[in-house]
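See structure below.
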Amino acid sequence: MKNSASRLIGLTGGIATGKTTVSNYLAEKYNLPVLDADIYAREAVAKNSPILQTIFAHYGERVKLADDDLDRSSLGEIVFNDLQEKQWLESQIHPYVRDRFQQELHYTLNNTIVLAIPLLFEAKLTDTVTEIWVVSCDRALQITRLQQRNHLTLEQAQSRIDNQLPLVEKVAAADVVLHNNADLADLYAQVDTAINKKDSFQ
Ligand code: ATP
């Protein structure tokens with residue numbers, strides 16, 4: 001991906017491990033631009049978009065709301081329980097997300113840029129960054145944070161976590177691991193250390 005930035009930080013991790021907490025801190029404390037894959041993924045399926053039309057053609061009325069918008073919860077239920085459909089859906093959305101990163105990187109002029117990409121590995125975006133940061137936390141804590149934030153039962157929280165690439169695999173592929181098992185001050189101190197590292201990861 002063409003960009004003059006010397007550091008392109010790919011920020012990822014498991015669901016509810018603290019990715020947004022870290023990207024907000026990087027934006028606020030270090031004034032870094034944050035490009036957010038979730039925004040592009042939502043854009044991909046915006047009302048009247050070509051990808052949304054393809055999704056409607058594939059799944060029919062059951063994923064369409066009365067106002068022709070996407071019924072996210074119905075779609076979520078389909079793909080959550082069917083790996084093949086999950087992969088099909090991702091194959092529609094991920095290329096769009098990759099293109100959007102490319103466009104935005106073209107216009108974002110900064111020495112360090114944060115790319116917040118929950119599905120960095122799954123969307124094969126690792127090549128677009130110069131270093132990979134994984135936010136991790138103990139499973140029990142991840143379940144508690146996810147349950148509290150999204151008001152889920154234990155079973156729901158567990159199955160959302162188990163539906164993702166295992167966090168240990170992400171950690172194994174990381175250049176920097178942020179262990180978010182304590183309070184925010186502890187997390188921010190780890191971010192400070194990682195951002196101030198002089199050596200390049202390339
Ligand atoms: P998602 O994958 O769902 O987008 P995320 O990885 O971006 O989640 P956050 O939203 O940053 O995770 O954090 C999940 C929840 O845990 C939030 O409610 C956040 O406020 C809380 N949280 C994160 N880190 C800590 C911490 N160190 N101490 C207490 N609460 C925390």
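The values are calculated or read from the model by the stated rules, or taken from the named source; none is laboratory data. Worth saying up front: this structure is predicted, and the values here are computed from it rather than measured. All Cβ positions, glycine included, derive from the backbone under ideal geometry; neighbour counts span all protein chains shown. The area values use the complete protein model at the heavy-atom level, side chains included, leaving out ligands, DNA and RNA. Shrake-Rupley method; radii C 1.70, N 1.55, O 1.52, S 1.80 Å.
A few comments on the model shown:
- So Asn163, is it over 21 Å from Arg42 (Cβ atoms) and either more than 16 Å from the ligand (Cβ to nearest atom) or touching a helix residue (DSSP H, G or I) at 6+ places or on another chain (Cβ under 7 Å) (or both): no
This table checks each residue for (1) touching a strand residue (DSSP E or B) at 6+ places or on another chain (Cβ under 6 Å); (2) more than 9 Å from the ligand (Cβ to nearest atom); (3) within 15 Å of Pro118 (Cα to Cα); (4) open to solvent by 30 Å² or more (accessible area, probe 1.4 Å).
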{"residue": "Glu131", "(1), (2), (3), (4)": "yes, yes, yes, no"}
{"residue": "Ile143", "(1), (2), (3), (4)": "no, yes, no, no"}
{"residue": "Gln147", "(1), (2), (3), (4)": "no, yes, no, yes"}
{"residue": "Asn150", "(1), (2), (3), (4)": "no, no, no, yes"}
{"residue": "Gln158", "(1), (2), (3), (4)": "no, yes, no, yes"}
{"residue": "Lys170", "(1), (2), (3), (4)": "yes, yes, yes, no"}
{"residue": "Leu187", "(1), (2), (3), (4)": "no, no, no, no"}
{"residue": "Gln190", "(1), (2), (3), (4)": "yes, yes, no, yes"}
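- Exactly one residue out of Ala41, Ala5 is at pLDDT 95 or above and either touching a helix residue (DSSP H, G or I) at 6+ places or on another chain (Cβ under 8 Å) or within 12 Å of the ligand (Cβ to nearest atom) (or both), and it is Ala41.
- Remark: Lys29 matches the filter, which requires a residue to be loosely packed, with under 14 Cβ neighbours inside 10 Å, away from the ligand (no atom under 14 Å from the Cβ), among the charged types (D, E, K, R) and in a helix (DSSP H, G or I).
- Identification of helices (runs of 4 or more DSSP H) wholly contained in the stretch 34-121 with 3 or more residues that are open to solvent by less than 60 Å² (accessible area, probe 1.4 Å) and either in contact (Cβ under 8 Å) with a residue 40 or more places away in the chain or basic (Lys, Arg) (or both) yields 37-44, 83-107.
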